[in-house]
Amino acid sequence: MGCVPTVTVEQVRTDPEVKSFVRQANEALRALGYTEHGERHAGLVANIAGNVLLRLDHPPRLGELAQVAGYLHDIGNLLHRQDHAQSSGLMVWPILKRLGMAIDEIALVMNAIGNHEEERGTATNPVSAALIIADKADVHRSRVQNPNPATFDIHDRVNYAATRSFVRVDAEKRVIALELEIDTHFAQVIEYFEIFLSRMTMVRQAVHFLGCEFRLMINDVYLS
């Protein structure tokens, strides 16, 4: 019985089908007025998710699976924004199967992707926890796709106001911190909580699942 080949995040990222789905999903969201969910977001989420698990000494392969989940987690936006986590999770099955990923690994990736949205998602394994943390951490002005500041909605304003976001993992102290810098000329800190409170609650659950304490720092002040 032959060995199942190891599928890497680089194979996923450069796959023509994946590249098309990621780009077209973002174009669909751009037309609807959403912030960026394309190659930049996919790549950043993949890197953060993998880094979270590696810094907590999880097996390297688990870290790579978190990267794969991170890169693919939003392709369901190609079909529709509503329930896109579930759509994305189902869409990755034929892609990863075609690339030759082991079935048990595909299952982990599908579960993580299907649980990354706060409406109905919950971290139930390290890969899903890392994806949730990475996805919700990406708040930054580079995500704003609306070229006209005069028509910014609250999501545009808050993302544009965020000049820095960083996930800091302290493996020794078992602390995962989301550090943000918000330019209050564009949005007040309270506006961040107005739209992201449910996301931070989800991140806290994911961090606790990994056996860590969650901390949120905004403009050098710890809020949790």
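Taken together, the values in this text are just the output of simple stated rules run on the coordinates, not laboratory data. Fair warning: this is a prediction, and the values are worked out from it, not measured in the lab. We place every Cβ from the backbone using ideal geometry, glycine too, and count neighbours over all the protein chains shown.
Sequentially through the stretch 191-198, phi angles give Karplus couplings (6.51, -1.76, 1.60; θ = phi - 60°) of 5, 4, 5, 4, 9, 10, 4, 5 Hz, Gly and Pro residues having no value and appearing as x. Normalised by 2.2 N^0.38 Å, where N counts its residues, the alpha-carbon radius of gyration of the stretch 49-94 equals 1.32. When peptides 124-130, 164-170 are ranked by their average number of other Cβ atoms within 10 Å per residue, the highest-first order is 124-130, 164-170. Stretching the chain fully between GLU194 and ASN148 yields a gain of 14.3 nm (0.36 nm per residue, less the alpha carbon separation).
Charged neighbours of LEU29, selected by a Cβ distance under 12 Å, balance to +1 (K, R count +1; D, E count -1). The helix-only estimate of mean residue ellipticity at 222 nm for the chain, built from DSSP H runs of length n ≥ 4 each weighted as -39500 (n - 2.57), is -17500 deg cm²/dmol after division by the residue total.
Using modelled backbone amide H atoms (1.01 Å from N, in-plane), which distant-in-sequence or interchain residues come within less than 5 Å of ASP83's amide H? So ASP83 has HN proximity to no qualifying residue. Pairs of Cα atoms nearer than 8 Å and 6+ residues apart set the relative contact order; for the chain it is 18 percent.
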